[in-house]
Amino acid sequence: MDLRAELLKSIWYAFTALDVEKSGKVSKSQLKVLSHNLYTVLCIPHDPVALEEHFRDDDDGPVSSQGYMPYLNKYILDKVEEGAFVKENFDELCWTLTAKKNYKPDRNGNSIISHQDAFKLWCLFNFLSEDKYPLVMVPDEVEYLLKKICTAMNVELNSCELDDYLSQEPQGQGGLTVWQFLDMVNSGRLLRGIEQEAISMAVEEVYQEVIEDGYLWKKGQLRRNWSERWFMLKPSSLSYYMSEERKEKKGSIALDKHCCVEVLPDRDGKRCMFCVKTSSRTYEMSASDTRQRQEWTLAIQTAIRLQAEGKKSLHKDLKQKRREQREQREQRKAAKEEETQRLKQLQEEKERKLQELELLKEAQRQAEILLQEEEQRRRQQHEEMQRTLEIQLREAEQARASMQAEMVLKEAEAERQRKRILELEDMQERLQEALQQEVKARQDEEAVRYAQARLLAEEEEKLKQLMKLKEEQEEYIIKTQREKQVLKQEMENKNKCLEEAQKQLEEVRVNRQRVDQDVMAAQRKLRQASTNVKHWNVQMNRLMHPIGPGDKRTNVSGGVFAGYQPLLSRRDSSLK
């Protein structure tokens with residue numbers, strides 16, 4: 001987990017604790033005090049000018065978490081250096097602020113866990129919680145943490161009781177908050193009948209899983225004297241301090257894939273020695289006993305391996321390794337006791353076996369004879385196996401020759417396929433030309449159709465004029481019955497106009513017949529183009545069908561351009 005993300009989780013609890021009205025905002029005076037305390041515990045030089053400028057008194061209203069984040073990132077988190085401060089002091093500051101408001105243990109003193117254990121569980125909760133706010137821990141992580149605590153006490157977690165509690169407890173954001181988790185532990189439903197001291201020891205053990213540290217004796221580089229230092233192991237470095245308060249850092253050993261750990265013999269009055277070799281220097285160290293040396297060497301080797309693999313889950317991996325070591329030690333102890341018992345039995349049977357020595361010698365001679373026979377039989381088996389291998393080798397040579405012949409045939413077949421592809425490409429070009437001719441014929445047909453429609457419109461207009469003239473003639477006939485003799489000349493003129501209109505109508509009909517002939521010619525061209533496309537489709541289908549050796553040619557209907565036939569049939573029907 002990133003250091004910035006870890007610090008933000010604890011600061012989030014401190015910020016929400018200062019938000020008394022639960023409005024998401026905190027007054028500037030409280031944020032000044034919080035920032036000043038963060039400067040102190042994170043060992044960052046104070047910048048009072050920036051603090052006062054950012055939180056001026058003339059600003060309006062309190063500050064939200066989003067408004068506080070720019071100052072927090074720029075003046076505090078960006079200046080934090082890993083290893084320059086004590087993480088536990090920082091967590092205690094944030095825990096003190098948030099526990100006063102949110103943590104409510106039993107007032108009668110019947111709490112299952114102490115205040116210090118609650119703080120450690122709060123730290124473990126932050127380590128296992130999800131990276132989104134508000135911070136919650138999913139039920140799987142809750143079960144994982146409780147199982148580890150119960151495992152440390154050598155008891156089994158009541159999974160049914162845990163599931164029942166989780167089903168009854170309202171879960172926001174898909175998990176439990178830290179205060180719900182602490183209330184669940186303090187309720188005693190899951191740790192019923194276990195003493196507070198045992199729970200405290202188990203919590204301490206689980207808490208220490210994420211911190212690999214302890215005292216070792218280290219040999220100096222210049223003065224070559226031995227000094228006791230407090231070492232803290234991380235996946236990428238092994239840092240050492242003057243004491244366990246980690247206030248004065250004396251140095252750090254960078255761990256990478258080129259580092260190694262070796263056990264050294266006792267010398268200079270020091271025992272349980274080992275060294276860490278880097279590319280630039282060798283660090284000699286001494287542990288208090290053999291067990292501690294084995295744990296440290298195994299932990300450092302695991303850290304080097306995880307660093308080379310690009311992993312950071314050091315604590316879980318080391319805990320699994322330590323568990324395996326304990327099992328191996330118990331197995332070795334049991335094996336040692338069994339070996340001691342067996343030696344006693346052998347000592348008791350020594351006299352009896354001395355009496356049977358002669359019989360054993362005779363049995364040895366018989367065994368030598370059997371061994372010679374076995375050797376001869378094994379030699380015969382070896383010769384037979386060698387002959388079998390030679391036969392298999394010859395068969396493999398024959399198979400290789402047959403494969404080479406098959407490869408030659410495959411290459412010839414590939415050459416034929418390439419020629420067929422070239423023919424198909426040529427055929428495609430011809431089909432493209434046929435399609436272009438069909439498109440051109442269709443364009444001609446559309447033009448003829450347009451001319452026909454225009455002539456039909458003119459014919460209709462002439463018919464309308466003729467009908468209008470007829471109506472006018474009838475009107476004039478009715479009106480001029482009495483004036484027949486007077487208007488006879490006008491009737492003749494009208495008759496002449498009618499004759500001219502009939503002549504024009506005849507001309508329009510003649511033009512229409514001519515256009516119909518042009519349409520029929522265009523349809524003949526279209527049918528010819530359709531016949532050409534069908535012919536090329538048949539040729540294309542024949543070329544697309546690969547003909548193997550000995551296969552008969554078959555007429556295959558359809559092909560790449562078979563989809564054009566329904567289209568052509570539809571076009572013919574539309575023309576009809």
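Over segment 237-317, with every protein chain in place, what whole percent of the accessible area is carbon and sulfur at 1.4 Å, could you tell me? Don't jump to the answer; show the numbers that get you there.
Values: 1910 of 4410 Å².
Reported share for carbon and sulfur atoms: 43 percent.
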For segment 346-357, 3J(HN,Hα) per residue [Karplus equation, 6.51 cos²θ - 1.76 cosθ + 1.60, θ = phi - 60°, Hz, x = Gly/Pro]
5, 5, 5, 8, 4, 4, 5, 6, 5, 5, 8, 4
In segment 160-207 the accessible area split gives carbon plus sulfur, as whole percent at 1.4 Å, a share of 48 percent
Just how far, in whole angstrom, is segment 122-191 from segment 503-547 if you go by their alpha carbon centroids?
84 Å
Relative intensity, log₁₀ I(q)/I(0), of segment 16-55 from a Debye sum that treats every alpha carbon as a point, q = 0.20, 0.27, 0.35 Å⁻¹:
-0.64, -0.92, -1.13
Can you list the aspartates and glutamates whose alpha carbon is less than 18 Å from that of Lys503, not counting same-chain residues fewer than 8 positions off?
Glu458, Glu459, Glu460, Glu461, Glu492
Classify segment 229-294 as rounded, prolate or oblate, taking a ≥ b ≥ c as the square roots of the eigenvalues of its Cα gyration tensor: rounded when a/c is under 1.5, otherwise prolate if a/b is larger than b/c and oblate if not.
oblate
Listed by chain and number, the residues whose amide H is under 5 Å from that of Ser237, excluding neighbours fewer than 5 places away on the same chain and using placed H, are Leu255
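Per-residue counts of other Cβ atoms within 10 Å, averaged by peptide: what ranking do you get for 370-381, 291-302, 175-186, highest first? Let's see the in-between values first.
Working: 370-381: 10.1, 291-302: 18.1, 175-186: 20.2.
Most protected by this proxy first, the peptides run 175-186, 291-302, 370-381.
Counting heavy atoms of the protein chains only and a 1.4 Å probe, report the per residue accessible area for segment 365-491 as a whole number of Å². Before the final figure, lay out each step's value.
On the way: 11160 Å² over 127 residues.
Heavy-atom accessible area per residue stands at 88 Å².
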Karplus 3J(HN,Hα) series, Hz, for segment 391-406 with 6.51 cos²θ - 1.76 cosθ + 1.60 (x for Gly, Pro)
4, 4, 5, 5, 4, 5, 4, 4, 4, 5, 4, 5, 5, 5, 4, 5
List the residues, sorted by chain then number, that are 5 or more residues from Leu264 or on another chain and whose placed amide H is less than 5 Å from its amide H.
Met273, Phe274, Cys275
Quick check: at a probe of 1.4 Å, how many percent of the accessible area of segment 403-446 sits on carbon and sulfur atoms?
53 percent
Take every Cα pair under 8 Å in segment 399-516 that's 6+ residues apart, average their separations, divide by the length, and report that relative contact order as a whole percent.
40 percent
Ordered by residue, what ³J(HN,Hα) values in Hz, to whole numbers, does segment 480-492 give under the Karplus form 6.51 cos²θ - 1.76 cosθ + 1.60, where θ = phi - 60° and Gly and Pro are x?
10, 5, 6, 10, 4, 6, 6, 9, 5, 5, 5, 4, 5
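Using a ≥ b ≥ c from the Cα gyration tensor of segment 134-178 (square roots of the eigenvalues), is it rounded, prolate or oblate, where a/c under 1.5 gives rounded and otherwise the larger of a/b and b/c decides, a/b for prolate? Intermediate results must be reported in sequence, preceding the final value.
Numbers: a/c = 3.40, a/b = 1.64, b/c = 2.07.
Oblate is the answer for segment 134-178, as a/c is 1.5 or above yet b/c matches or exceeds a/b.
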Taking a straight Cα-to-Cα line shorter than 30 Å from Lys333, and setting aside same-chain lysines fewer than 8 residues away, one finds Lys147, Lys148, Lys270, Lys316, Lys319, Lys321, Lys344, Lys350, Lys353
Assign one of three labels to segment 428-499, namely rounded, prolate or oblate, based on the Cα gyration tensor with a ≥ b ≥ c the square roots of its eigenvalues; rounded applies when a/c is under 1.5, prolate when it is not and a/b is larger than b/c, and oblate otherwise.
prolate
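The values are calculated or read from the model by the stated rules, or taken from the named source; none is laboratory data. This is a predicted model, so every value here is computed, not measured. With ideal geometry, Cβ positions are generated from the backbone for all residues, glycine too; neighbour counts draw on all protein chains shown. What goes into the accessible areas is simple: the full protein's heavy atoms, side chains included, and nothing from ligands, DNA or RNA. Shrake-Rupley method; radii C 1.70, N 1.55, O 1.52, S 1.80 Å.
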